[in-house]
Amino acid sequence: FSKTLSNKGKEMCVQFSVKHEQEIDCGGGYVKLMGESFLPKDFNGDTDYEIMFGPDICGYDTRKVHVIFSKDGKNHLVKDTISCKTDALTHLYTLIVRPDNTFEVLVDRESAKNGSLVDDFDLLPPKKINDPEEKKPEDWEDDAEIPDPEDKKPEDWDQPKTIVDDKAKKPDDWDDETDGEWEAPMIDNPDFKGDWKAKMMPNPKFKGEWKAKMMP
């Protein structure tokens with residue numbers, strides 16, 4: 001454009017069509033609206049923009065319509081996933097931004113997302129945050145269950161994981177002089193129970209998950 005455009009107090013519409021000439025596996029069909037400080041000769045993939053909008057496809061994981069607004073040097077992506085078209089036909093993508101801070105995305109003139117710039121983006125800081133001065137009390141119990149102190153390990157619990165196979169017999173052709181001293185193979189011990197752990201019981205001092213107080 002020959003001069004900077006402003007949509008202050010006006011409804012803004014960004015609309016364009018996309019046609020992939022073949023089944024695309026990875027690639028973007030989005031547009032970027034640049035700010036007034038934009039210099040065409042310096043443009044590259046990292047150049048700052050004001051709005052990025054359009055389909056992005058990469059494998060089976062990324063198949064969505066990007067809606068990104070830039071504010072204070074940070075890009076804010078719409079929270080919800082908006083599906084895009086993945087075939088080789090022509091499709092019309094439309095972004096409408098209204099003065100009341102609402103927006104709408106249409107794909108082929110059908111609404112794909114209606115929302116709010118406040119609720120659907122992290123453009124504004126939260127109204128309340130965790131109080132950084134708030135500390136969890138040392139005696140706060142946030143484990144719902146604890147080992148039962150009355151539960152005791154059985155005296156016969158500790159058993160070796162493997163034992164000598166008492167049914168094994170030294171082969172008749174075994175020669176101690178050439179084969180060495182014969183030893184019966186080891187087998188899994190059917191009495192082995194693993195590490196003992198006390199049964200869990202409700203924690204009588206449980207207070208729930210600790211959360212810091214919120215502050216403006």
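The values are calculated or read from the model by the stated rules, or taken from the named source; none is laboratory data. Keep in mind it's a predicted model, so treat the numbers as computed, not measured. Glycine also receives a Cβ, built like all others from the backbone with ideal geometry; neighbour counts cover every protein chain displayed. Calculation scope for accessible area: heavy atoms of the full protein, side chains included, ligands and nucleic acids excluded. Shrake-Rupley method; radii C 1.70, N 1.55, O 1.52, S 1.80 Å.
Which pairs have Cβ atoms under 8 Å, sit 6 or more apart or on different chains, and link a residue in the stretch 3-28 that is open to solvent by 80 Å² or more (accessible area, probe 1.4 Å) to one that is aromatic (Phe, Trp, Tyr)?
So the pair list comes out as Gln15/Tyr93.
Taking the stretch 138-166 as the search range and keeping residues that are closer than 30 Å to Ala212 by Cα and open to solvent by less than 90 Å² (accessible area, probe 1.4 Å), which one is farthest from the chain's Cα centre (by Cα)? Don't jump to the end; show me each part of the working.
In the first step, residues of the stretch 138-166 are kept if they are closer than 30 Å to Ala212 by Cα; the result is 138-148.
Still in the list and also open to solvent by less than 90 Å² (accessible area, probe 1.4 Å): 140-144, 146-148.
Working: Trp140: 30, Glu141: 29, Asp142: 25, Asp143: 25, Ala144: 26, Ile146: 30, Pro147: 33, Asp148: 36 Å.
Going through the qualifying residues, I end up with Asp148.
Restricting to the stretch 46-95, what's the tally of residues that are among the hydrophobic types (A, V, I, L, M, F, W, C), in contact with a strand residue (DSSP E or B) (Cβ under 6 Å, 6 or more places away or on another chain) and under 15 Å from Lys19 (Cα atoms)? Outline the logic, then answer.
From the stretch 46-95, those among the hydrophobic types (A, V, I, L, M, F, W, C) are 51-53, 57-58, 65, 67-69, 77-78, 82, 84, 88-89, 92, 95; that's our starting set.
Next cut, in contact with a strand residue (DSSP E or B) (Cβ under 6 Å, 6 or more places away or on another chain) only: 51-53, 57-58, 65, 67-69, 77-78, 82, 84, 92, 95.
Right, trim to under 15 Å from Lys19 (Cα atoms) and you get 57, 65, 84, 92.
Residues in the stretch 46-95 being among the hydrophobic types (A, V, I, L, M, F, W, C), in contact with a strand residue (DSSP E or B) (Cβ under 6 Å, 6 or more places away or on another chain) and under 15 Å from Lys19 (Cα atoms): 4 in total.
Condition (residue is part of a loop (DSSP other than H, G, I, E, B) and closer than 26 Å to His20 by Cβ) applied to the stretch 96-110: is it met by at least one residue? It would help to see each step written out before you state the result.
To start, the set of residues in the stretch 96-110 that are part of a loop (DSSP other than H, G, I, E, B) comprises 98-101, 108-109.
The next check asks that each one be closer than 26 Å to His20 by Cβ; those that pass are 108-109.
Checked against the condition, which is being part of a loop (DSSP other than H, G, I, E, B) and closer than 26 Å to His20 by Cβ, the stretch 96-110 yields at least one hit.
Scanning for something open to solvent by less than 50 Å² (accessible area, probe 1.4 Å), under 22 Å from Arg63 (Cβ atoms), among the hydroxyl-bearing types (Ser, Thr, Tyr) and in contact with a Pro (Cβ under 7 Å, 6 or more places away or on another chain), does the stretch 86-95 turn up at least one residue?
yes
Of everything in the stretch 167-216 that's farther than 29 Å from Trp157 by Cα and among the acidic types (Asp, Glu), which residue is nearest to the chain's Cα centre (by Cα)?
Glu209
What number of residues within the stretch 174-215 satisfy the criterion of being open to solvent by less than 100 Å² (accessible area, probe 1.4 Å), assigned to a loop (DSSP other than H, G, I, E, B), in contact (Cβ under 8 Å) with a residue 12 or more places away in the chain and on the phi < 0 side of the Ramachandran plot? Write out each step before concluding.
Narrowing the stretch 174-215 to residues open to solvent by less than 100 Å² (accessible area, probe 1.4 Å): 174-176, 179-180, 182, 184-185, 187, 189, 191-192, 194, 196, 198, 201-203, 206, 208, 210, 212, 215.
Remaining after also requiring assigned to a loop (DSSP other than H, G, I, E, B): 174-175, 180, 182, 184-185, 189, 191-192, 194, 196, 198, 203, 208, 210, 212.
Filter once more, keeping what is in contact (Cβ under 8 Å) with a residue 12 or more places away in the chain: 182, 184-185, 189, 191-192, 196, 198, 203, 208, 210, 212.
Now restrict to residues that are on the phi < 0 side of the Ramachandran plot: 182, 184-185, 189, 191-192, 196, 198, 203, 210, 212.
Counting residues in the stretch 174-215 that are open to solvent by less than 100 Å² (accessible area, probe 1.4 Å), assigned to a loop (DSSP other than H, G, I, E, B), in contact (Cβ under 8 Å) with a residue 12 or more places away in the chain and on the phi < 0 side of the Ramachandran plot gives 11.
Return the pairs, sorted by first residue and then second, in which the second residue is at pLDDT below 95 and open to solvent by 40 Å² or more (accessible area, probe 1.4 Å), the first residue lies in the stretch 88-101 and is within 20 Å of Gly115 (Cβ to Cβ) and among the polar types (S, T, N, Q), the beta carbons are less than 9 Å apart, and the residues are 6+ apart or on different chains.
Listed by first residue and then by second, the contacts come to Asn101/Val118.
Give the number of residues within the stretch 64-85 that are at pLDDT 90 or above and open to solvent by 40 Å² or more (accessible area, probe 1.4 Å).
Start the filter on the stretch 64-85 by keeping residues that are at pLDDT 90 or above, which leaves 64-71, 74-85.
With the extra rule that they be open to solvent by 40 Å² or more (accessible area, probe 1.4 Å), the set shrinks to 64, 71, 74-75, 77, 79-81, 83, 85.
Looking only at that region, the number is 10.
Regarding the stretch 75-84, can at least one residue be identified that is more than 22 Å from Asp122 (Cα to Cα), touching a Pro at 6+ places or on another chain (Cβ under 9 Å) and touching a residue at least 24 places away in the same chain (Cβ under 8 Å)?
Quick first cut of the stretch 75-84, residues more than 22 Å from Asp122 (Cα to Cα) only: 84.
Filter once more, keeping what is touching a Pro at 6+ places or on another chain (Cβ under 9 Å): 84.
Subsequent filtering for residues that are touching a residue at least 24 places away in the same chain (Cβ under 8 Å) retains 84.
Within the stretch 75-84, one or more residues are more than 22 Å from Asp122 (Cα to Cα), touching a Pro at 6+ places or on another chain (Cβ under 9 Å) and touching a residue at least 24 places away in the same chain (Cβ under 8 Å).
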